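What follows is calculated from the coordinates using simple rules that are stated; it is not laboratory data. Note that the structure is predicted; figures quoted are calculated from it, not measured. Because the Cβ atoms are built from the backbone with ideal geometry, glycine has one as well, and the counts that use them run over all protein chains shown.
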Amino acid sequence: MVITAIAPNLERWPAPGSPRSLPAYIAQKKAQAQRMLDQVEQHFPGFGSHIETLIVGTPTTIERYLLKNWGAVGGPKNMLGQQMLNRLHARSE
């Protein structure tokens, strides 16, 4: 089973061209992953103990591979009151 979780994050992340092997970047990724897992665990106790592989994509990753400015995933609002899940999305078959 594959589960994708997306959460807002207002921290500063390195630019896409920056080295991503820096200890500070790796620690930041781990801290944010743990923050998200803690939130999921509030609704699904024991969830984290069943994870076999965890891949963390950061705003840096999203900007580098998807060319989305500052790692945005939702795109701009097209009208007032339009929430992220109601916006246009890139879809494939």
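All other residues whose Cβ lies under 14 angstrom from that of Arg12 are scored, Lys and Arg at +1 and Asp and Glu at -1, for a net of -1. For the peptides 51-57, 1-7, the ranking by packing is 51-57, 1-7, with the highest mean count of neighbouring Cβ atoms within 10 Å listed first. Given their separation in residues at 0.36 nm each and the Cα-Cα distance between them, Val2 and Leu67 gain 21.0 nm when the chain is fully extended.
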